[in-house]
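The values are calculated or read from the model by the stated rules, or taken from the named source; none is laboratory data. Everything quoted here is computed from the prediction, not taken from an experiment. For neighbour counting, all protein chains shown are included, and Cβ atoms are generated from backbone atoms with ideal geometry for every residue, glycine included. We work out accessible area using only protein heavy atoms, side chains counted, and drop any ligands, DNA or RNA first. Shrake-Rupley method; radii C 1.70, N 1.55, O 1.52, S 1.80 Å.
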Amino acid sequence: MLRLVIGNKNYSSWSLRSWLLLVEAGIEFEEIRLPLSTPEFAARISTYSPSGRVPVLLDGPVTVWDTLAITEYVAERFDRTLWPMDAVDRARARSMCAEMHSGFSALRGQWPMNVRASLPGLGWNLAVERDVDRLVRMWREALSSSGGPFLFGRFGAVDAYFAPVAARFRTYAAALPDDIGAYRDAILDTAGMRAWTEAACQESEFVAEDEPYRRPPGT
Ligand SMILES: N[C@@H](CCC(=O)N[C@@H](CS)C(=O)NCC(=O)O)C(=O)O
């Protein structure tokens, strides 16, 4: 069976992308959770991941690390419909994933993923506003051409890629136009995302690097 090594569900945005992709595609896998910034992570990660990072997908003797590579492997081996069937749409979806992979640094830096927290308004600045505006424009273009509810109609790789952004929009209570709020909610309401959120809320680890706005409990 496939195995997916992930970090904390509360904090690990890259892990969420691969996990949600597999769950929403109905592909069975065993989950191995290594809490970030712990001695356990440091001791065990090198047995799974050559990059020392999560997520990493293990398929028998095959190791696939880095989210984009995992996304491509899963689509190629198990479900090609995770990318749009139309070549032009596929190119657009891939461009969006690539832009997410390498961009939106203000949003990622100011708004670390923190699924269980509610931190309305914190971290907002002009650079975050620019990133949000870009997301709104990009999402709107895809949604208006597909008719939704997901960017290219049905749930796909590109929606898994934006799931951590949807989670951040909820945590930091980003004010969004109605159509974009509906897309955020479509992601948050998937069975996979609900299960991930529930599990994140059960976690008790506090990772200081991902918590610029709160003190560790009890301090
Ligand atoms: N480009 C990588 C980024 C992966 C990444 O940064 N993962 C973080 C957790 S979200 C990690 O493993 N951090 C642990 C560390 O760097 O020690 C990907 O797309 O998978």
Inset, instruction - Only residues that are aromatic (Phe, Trp, Tyr) and away from the ligand (no atom under 16 Å from the Cβ): list them for region 96-132, please. - result: Trp124
Inset, instruction - Could you tell me whether Ala43 is more than 16 Å from the ligand (Cβ to nearest atom), of a type in the set (Gly, Ala, Ser) and either within 22 Å of Tyr11 (Cα to Cα) or not assigned by TED's automatic domain parsing to the domain that holds Tyr161 (or both)? - result: no
Inset, instruction - For region 46-65, enumerate the residues that are within 10 Å of the ligand (Cβ to nearest atom) and charged (D, E, K, R). - result: Arg53
Inset, instruction - Among the residues of region 73-95, write down those that are surrounded by fewer than 17 Cβ atoms within 10 Å (Cβ to Cβ) and within 15 Å of the ligand (Cβ to nearest atom). - result: Tyr73
Inset, instruction - Give the residue, chosen from Ala200, Ala166, Ala160, Ala142, that is of a type in the set (A, V, I, L, M, F, W, C), in contact (Cβ under 8 Å) with a residue 60 or more places away in the chain, open to solvent by less than 10 Å² (accessible area, probe 1.4 Å) and touching a Leu at 6+ places or on another chain (Cβ under 6 Å). - result: Ala160
Legend entry - Selection count, region 59-71, where residues are touching a strand residue (DSSP E or B) at 6+ places or on another chain (Cβ under 8 Å) and over 16 Å from Leu16 (Cα atoms): 2
